[in-house]
Amino acid sequence: MTMQSLMARSPVIPVVRIETASRAPALARALLAGGVSVIEVTLRTDAALEAVAAIARDVPDMAVGAGTVTAPDQVQQAHDAGARFLVSPGYADAVNAAAERAALPLLPGVATATELMRAQADGFEQLKFFPAVPSGGIAALEAFAGPFPALRFCPTGGVHSGNYLDFLQLANVPCVGGSWLTPVETIESGDWAHIEALAAHAVTARRRETAAGRPLTADEGWQSWAGEEDPGSADEALR
């Protein structure tokens, strides 16, 4: 499995903060039922690695990755838990080398042209643009397309249900990352039908836009769901 193929599995990679590992398999099944077959579990809770292991063991059709990887030892921990890919908020040689040794696809984070040049020189063509909106958002990605035509991005940070389709209109953006498909309170309450509905709506809105051959209007592309996170929340911007 390559990072290119992982980014093609879903227009949205859910960025998941999970507090209770035992809920992870049900969460993964709900996302699968909604048409999303890739998930990033952030290593920001004590339950994260156990959650990765539970998904890898119990829901093999879900490609589970570990996010917020900032140190080489986390790479080995994620590998041992069964992660199939890694996501980092930044670009660090030590993390890159550890991922290569573990034979795990890595999506490293970049925000500047200098970082893009380093990443390209190191052989990366798929990158996380983070934090996307504070770093210039769509305008920055459009500007990057000129000098870096081969690079593809997963923008994350400030991406939400109200703007993700705008990002996906860009030729260098095959997918986005965001937390709005998996609100923490919804995971904790076990409302799997709600998460399935959020996932299905994100996937079908993208398909409708692709079929229409034009950007959808806000009414066509998305709607708010009871219990959904505020799409402009500070929590989302920090992912």
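Quick notes
- Heavy-atom accessible surface of the range 107-171, averaged per residue, reaches 38 Å², computed with a 1.4 Å probe.
- Global geometry of the range 1-83, whether rounded, prolate or oblate, following the gyration tensor of its Cα atoms and the 1.5 cut on a/c: oblate
- The range 63-162: equivalent-ellipsoid semi-axes (sqrt of 5 x gyration tensor eigenvalues, Cα, Å): 24, 15, 10
- Area accessible to solvent at residue 122, 1.4 Å probe radius, in Å²: 90
- Heavy-atom accessible area for residue 9, with the other protein chains in place and a 1.4 Å probe, reaches approximately 80 Å².
- Beta bridges assigned by DSSP with both partners in the range 65-193 are antiparallel in approximately 0 percent of cases.
- Taking the C-alpha atoms of the chain, convex hull volume expressed per residue in Å³: 109
- Cα pair count fraction exceeding 20 Å, expressed as % - the range 43-121: 30
- For the residues 32, 107, a 1.4 Å probe over the protein chains yields an accessible-area ranking, largest first, of 32, 107.
- Rg and Dmax of the range 26-74, both derived from C-alpha coordinates alone, stand at 11.0, 34 Å.
- Å³ per residue enclosed by the Cα convex hull of the range 158-199: 71
- For the range 97-212, the C-alpha radius of gyration divided by 2.2 N^0.38 Å, with N the number of residues, is 1.18.
- Mean separation of Cα contacts under 8 Å (6+ apart) over length of the chain, as relative contact order %: 21
- Convex hull volume per residue, computed on the Cα atoms of the range 1-139, equals 105 Å³.
- With all protein chains in place and ligands, DNA and RNA left out, the 1.4 Å accessible area ranks 160, 79 as 79, 160, largest first.
- Carbon plus sulfur fraction of accessible area for the chain, probe 1.4 Å, in percent: 53
- Net charge of Cβ neighbours under 12 Å - reference residue 36; Lys, Arg +1; Asp, Glu -1: 0
- Shown for the chain are the DSSP H helices of 18 Å or more along their axis, judged by Cα atoms, with a mean Kyte-Doolittle hydropathy of at least -0.5: 192-212.
The values are calculated or read from the model by the stated rules, or taken from the named source; none is laboratory data. Every value quoted in this text rests on a predicted model; they were computed, and no experiment measured them. Neighbour counts run over all protein chains shown; Cβ positions are idealised from the backbone, glycine included. Please note that ligands, DNA and RNA were not included when accessible areas were found on the heavy atoms of the full protein model with its side chains. Shrake-Rupley method; radii C 1.70, N 1.55, O 1.52, S 1.80 Å.
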